[in-house]
Structure formats: C-alpha cells, structure tokens
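Right, one structure below, let's go through it.
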Protein chains: 2
Amino acid sequence: MSLGGLLGEETGAALQQVRTEPIQQRSAARLSGLLDAAAAVVDEVGFDRITTAMIAERAGASIGTVYRYYPDRVAVLHALHERAVVRFRQRVVDELGASTLTSWWDAVDCVVTAFVGLYRSEPGFRIVNFDDRDGAPIADAVADADFFARRLAEVLVNEFDLPAGDELIFRLEVAVEMADALLARAFHTDPVGDERFIAECRLVLRNYLDGFYSPHALSLLATAS
Amino acid sequence: MSLGGLLGEETGAALQQVRTEPIQQRSAARLSGLLDAAAAVVDEVGFDRITTAMIAERAGASIGTVYRYYPDRVAVLHALHERAVVRFRQRVVDELGASTLTSWWDAVDCVVTAFVGLYRSEPGFRIVNFDDRDGAPIADAVADADFFARRLAEVLVNEFDLPAGDELIFRLEVAVEMADALLARAFHTDPVGDERFIAECRLVLRNYLDGFYSPHALSLLATAS
DNA sequence: TGGTCACCGAGTGGAATTCAATCATCCTGG
DNA sequence: CCAGGATGATTGAATTCCACTCGGTGACCA
C-alpha cells in the first residue's frame, strides 16, 4: 500500500514513466506544473474521476502536452504518487533530524507525524493510497511497502541496535500495512484527520513493535487454541 | 441479542442502488445473474478493467439490461460489494454456530476464518476491498466497517460479558481496519492467501483487543513523552 | 537557415450510457 | 377460459464521453 518507499535511491528509475526527458528548461516547469495540476484535480474530484482534459486545462496546457510527457493517464498518477513518496521521505528525514530521539519508537512516531503532516498540507497527497490493480511491474504498492520496511529496518538496526533479521522486516511490513489503513481511515472523511485514529495508530504501532520483544505476545501464544 | 444479529436488517436498503425493484420473477434471476457475471469478470480482469459489455455478455444479456437495473458501472460494483458483505456476515454466523467458543477471541478468530474462507471460495470476493473514492453516500466502506464493529460489539458484550461502550466499538473499528488491511495484503499476490500474514492478523487482533484490558497498553501510555 | 524541441487541438476509437422499439408476462372483463 | 390491453423486461443502434494519436505550427539553438 502506501506508506511505501521510504528512503532509497531509485528515484531515477521512478522517472522512467515519463516519455521524454526534458531538455529545455521550460519543460521541467511543464512537468511539475502538470503534476501540480493533477494534484489539485485529485483533491477536487478524486483520483479515479480525474480526466486528462482536466489536468491539461488546469495546467494551462493542451491534451497533447500531457501525452508528450506521460504515456497514459495512469502514468501521471504514478508520477504524482512517486513525487508524494519522495516528499514523504524527505519529510521523514527532516522530522528525524529535528527531533531528539531517545528510543526507536520516537523514530516510528516521526514517520507517522510526517505522513499526517503531508496529508494535511500537500495537495493531492491522498494519491499515496493509489493502488494500481493490474500488472504494472514498476511502482508496485506492495513492493514499495516491502522496500520501505527494509529501509526502516536498517535505520532502526543501525541507530537503535534493534536485532536485524527477516523477522524485523516482516514485522515492519505488517506495521506499515496497519498504519496505512488506520491513517487512511483517519482521513477518509475528516480532511484534517481524525485525531482519535491517528493517536491510536501511534499506540498500536508502538504496542505491536514493542510486543515483538516483550513476553506479552508469547504468553498469548502459549494459551492459544 | 443473538448471534444472528450480525446479519443486520438493512439488507433491503442495500438494494436501493438498483434502478427498478424487480417485479417479475425472472428479474430476480437476472439481477443475481448479472452479479454472478460481474463476480466472474472481476476474478478474470480485476474490478477496474471490468466493462459493462463483459458483464452483459457473461450474463447472456444485452447492455441495456445492465442499465435497467443499475444506474452506472460502479453501481454494479457497489451491489457486488454489498452482496459479498452480506455473505460474509452470513458466513460469520455459520462459523460462530459451528464452533465451540470458549472465549471472546474464538469469536474474533471465527470472523477471520470466515473472511479468509470467502476470499478463497467466493468468486469475485476481493470486491470487498473496493473503495469508491467519491461521494457515494450509500454502501460506504467506512460505514460498513462501523456497522460491523457495532454488531460485533453487541455479540461480544452479550455472549462474553465484555464491557459495552464507545471504547469497545472504537477498538473494534480499529481492529476491523487493521484486519482488512492485513488480509488484503495476504491475498494481494497469493490467491490462496499468505499464511504468514493471516496468522499474524489473528495474533495482532488478539493482542490488540486483549491489550485493551491488560495493563500492557497502559504501561506504555505511562512512559509516553 | 536548418534542425530539434515543444506545443497544439481536431481526429480516431473504444467504452459508457441512452432510448425508442419490441417482446413477454400479467391482469381483467366478458 | 380467453382476448387483448397494460405494464414489466429486453434489446441494440445511436449518442456521448474520454483516452489517446498525429500531422502541422511555432520556439529555441547552432
């Protein structure tokens, strides 16, 4: 799903979805202008009601210009998604730098804070929940989540000495899915985000990841069946 | 209230999305036939590649017939979603009846089992993850989750003496969102469902709902900054 | 001044949706 | 019991909407 893709260097590959690399300067402006327009339209009509004509008109361009840069409609959405993910990663880095981290869960909290902040301020940010249900090998949501989990695992291992391993990565994958669902729920109706769900999300993450090492989960397992 | 209460009484209202209530008998057959066709197509091409022509052809009907019963394409998907939800609730009731419940978490486990079972056997069941991102007030996914949470809360309160209240309902809403996300993840690639995620889902639910009454969450809260 | 780069927007094709005509079933008076 | 009108149900060609193409035009550069 959509917290997908923290950190990482494959931003070059992510732009493979543009048809023509911009050569002249105005092209770059066009590109980001198109994405800005798309973001605005996403906020207005949602990202499945969006039409190429809307994007073009909003960007002050013509239909053809959209297709000069993107092979098709969903490529625009993918690009917008990518940009949102990149900005999310940057925000996470900023949050991490601006906070004094006393424990690993402060890092996790920063991730949630970054996500919520962008949801509130970045136009069209709900595109992060965009999930292309077809065989597009690039920018797969699950792959994103998996990648994100691995990166976050590295951070936690290196900064806070959590034990590395597949178990941690799996746990983080699960955590990402849960957080994604709860935060999407928080913003489903409320444009500012339902604080109750946001707070519960933080608590759930902490509880879940902490339980990994506490005997709590194990005692439950022992009484199972 | 009995376990049968999970079924709810708004099944009549759920059909408001059809244009014309069927009067003659063949109409009812048509309606379910259309949904069966839609379910089959959903499994073949996914629910965003689906076309009205595919549904009509599969059902042995003409295009016009589809539009006689449903105002537009997504209304068909909504109806299919509704039917899936209804069958899910029925399955939950069946599971609950067929199991000997020694504790509330057996009930929760039954819910997971029912969901997984339908994912595996019911054609087009992945429609339950269909989320229309626009202002369709009826058949809203969040409303569904909320409704289900309330019903489940009633069952748990009456059968297992859990303390009723908004807190329990909220907890169940959160649990539903998490379970939904994890199970969707389990079936995202694997048509049989990734057992690792399914098992983790059960564990997470139990841990989370149990933590509600255990001092574990509270101790975490106490150490929060 | 020739060669790209960018841009435009009418045109094409396919899918969604409409609607007037037709068929099927029900109902009622004789 | 049956004709035949009334109403439900079905049809598919026509229309509309929208993604996407492409030949033509201007903008930059060398």
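So here's what we get for this one:
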read-out	value
Whole-Hz ³J(HN,Hα) from phi, Karplus 6.51 cos²θ - 1.76 cosθ + 1.60, for region A:31-45, glycine and proline x	4, 5, x, 4, 5, 4, 4, 4, 4, 4, 5, 4, 5, 7, 10
Efficiency of FRET from Cβ geometry, residue B:63 and residue A:199, R₀ 60 Å, rounded to 0.05	0.75
Nm distances between copies for residue A:97, ranked from closest, using label points 7 Å along Cα→Cβ	6.2
Buried accessible area, chains B and A (both chains, 1.4 Å probe, Å² to nearest 100)	3800
Positions from region A:25-57 whose accessible area shrinks by 40 Å² or more when the full protein complex is built, not the chain alone, probe 1.4 Å	A:48, A:49
List of region A:182-210 residues, accessible area with partners at least 50 Å² below that of the chain alone (1.4 Å probe)	A:185, A:188, A:196, A:197, A:200, A:203, A:206, A:207
In sequence order, calculated HN-Hα J values of region B:110-116 (Karplus, 6.51, -1.76, 1.60; Hz; x Gly/Pro)	4, 4, 4, 4, 4, 4, 4
Teacher prompt: residue B:52 distances to equivalent labels in other copies, 7 Å Cα→Cβ, nm	2.2
Per residue solvent-accessible surface (Å²) - region B:77-222, probe of 1.4 Å	40
Carbon + sulfur, % of accessible area of region B:77-222 - ligands and nucleic acids excluded, 1.4 Å	55
Phi-based couplings in Hz for region B:153-161 (Karplus 6.51, -1.76, 1.60; Gly and Pro marked x)	4, 4, 4, 5, 5, 6, 8, 10, 6
For residue A:70, distant residues with modelled amide H under 5 Å away	A:19
Cβ-placed point charges (K, R +1; D, E -1), dipole of region B:77-222 about Cα centre in debye, nearest 20	300
Relative contact order, percent, region B:77-222 [alpha-carbon distance under 8 Å, six or more residues apart]	22
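The values are calculated or read from the model by the stated rules, or taken from the named source; none is laboratory data. What you see is a predicted model, and the numbers here were worked out from it, not measured in a lab. Note that each Cβ is placed from the backbone with ideal geometry, even for glycine, and that neighbours are counted across all protein chains shown. These area figures cover heavy atoms from the full protein model, side chains too; ligands, DNA and RNA do not enter into them. Shrake-Rupley method; radii C 1.70, N 1.55, O 1.52, S 1.80 Å.
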